[in-house]
Amino acid sequence: MVDRLANSEANTRRISIVENCFGAAGQPLTIPGRVLIGEGVLTKLCRKKPKARQFFLFNDILVYGNIVIQKKKYNKQHIIPLENVTIDSIQDEGDLRNGWLIKTPTKSFAVYAATATEKSEWMSHINKCVSDLLSKSGKTPSNEHAAVWVPDSEATVCMRCQKAKFTPVNRRHHCRKCGFVVCGPCSEKRFLLPSQASKPVRICDFCYDLLSTGEMSTCQPTRSDSYSQSPKSPLNDVSDDDDDDDSSD
């Protein structure tokens, strides 16, 4: 069905509408063979609070952006190549339900659908697109992904030293390797993670020691469910600000 739609006028028109919704600030999305599979609003778990984002699933990329005017205007366009994507379901907890992880080498995050059916359809379509892409290219699924950042609201003290309390002066930082919320003294070092950036990025002392000795596989968070725990923030916040998890801290 995707092949039949690839060069259809209806598909070209739908993609053109998406391009226009992002305006001049967005990247062109129309290329030969690209098909718009579906779209919808998902709640993205950002650094400071969950936020509504508009998502568009194509047969080769996943695009999302901030909602300025529903169905008419979006900004802060993000484009994720599906070849590098893996997804994992996460358990319901509190107000955060029907969620899954979108993991890539450069960035990973949790999203939540309005219903279980919607979650199932999103995950099924994403997996099908990824599978088709890998089958055509002969590549293997990506086994490297960036850490999912623990939301600020889940840490009142540093997750490494367990002593430093966060205040307006003692700011929270995120380790780019494990995703933990850490204090400044516990994250003064930087390390080059080529999949995430072209220059060294902030990491915690624990991960730095492991990376420096080559024990990279043990540097992942031991608290694997940290991203699924429910912050005490509303789910209906709609903002055109930058994603909180894009912060340089």
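Taking 0.36 nm per intervening residue step and subtracting the Cα-Cα distance, what contour gain separates Gln27 from Ala197 on full extension?
On the way: separation 170, 0.36 × 170 = 61.20 nm, distance 2.06 nm.
Computed gain between Gln27 and Ala197 is 59.1 nm.
Projecting the Cα atoms of Gly94, Leu29, Asn75 onto the charge dipole of segment 25-114, computed from C-beta unit charges around the Cα centre, puts Asn75 farthest toward the positive end.
So if I place +1 on the C-beta of Lys and Arg and -1 on the C-beta of Asp and Glu, and nothing else carries charge, what would the dipole magnitude of segment 1-135 be about its Cα centre? I want it in debye, nearest 20. Before the final figure, lay out the partial values.
Numbers: 19 positive and 13 negative charges, 137 e Å.
Its charge dipole is roughly 660 debye.
Inter-part distance, segment 47-114 to segment 119-143, computed on C-alpha centroids, equals 16 Å.
Stretched out fully, how many nm does the piece from Thr117 to Thr12 gain, at 0.36 nm a residue minus the Cα gap? Walk me through the intermediate numbers first.
On the way: separation 105, 0.36 × 105 = 37.80 nm, distance 2.78 nm.
Extra length available between Thr117 and Thr12 comes to 35.0 nm.
Lys189 contributes about 80 Å² of solvent-accessible surface, heavy atoms of the protein only, 1.4 Å probe.
Taking R0 as 30 Å, what FRET efficiency do you get between Arg171 and Ser124 from their Cβ-Cβ distance, rounded to the nearest 0.05? About 0.15, to the nearest 0.05.
Restrict the search to segment 1-75; then list the trypsin sites (Lys or Arg not before Pro) that DSSP places in a loop and that have at most 11 other Cβ atoms within 10 Å of their Cβ. Write out the running numbers ahead of the final one.
Values: sites: Arg4, Arg13, Arg14, Arg34, Lys44, Arg47, Lys48, Lys51, Arg53, Lys71, Lys72, Lys73; in loops: Arg34, Arg47, Lys48, Lys71, Lys72.
Answer by residue number: Lys71, Lys72.
Multiplying the residue separation of Lys139 and Ile80 by 0.36 nm and subtracting their alpha-carbon distance yields 19.5 nm. If R0 equals 35 Å, the separation of the Cβ atoms of Glu215 and Glu154 corresponds to a calculated FRET efficiency of about 0.85.
The values are calculated or read from the model by the stated rules, or taken from the named source; none is laboratory data. Quick caveat: nothing in here was measured; it's all calculated off a predicted structure. Reconstructed Cβ throughout: ideal geometry from the backbone, glycine too, with neighbour counts over all protein chains shown. Side chains included, ligands, DNA and RNA excluded: accessible areas come from the protein's heavy atoms. Shrake-Rupley method; radii C 1.70, N 1.55, O 1.52, S 1.80 Å.
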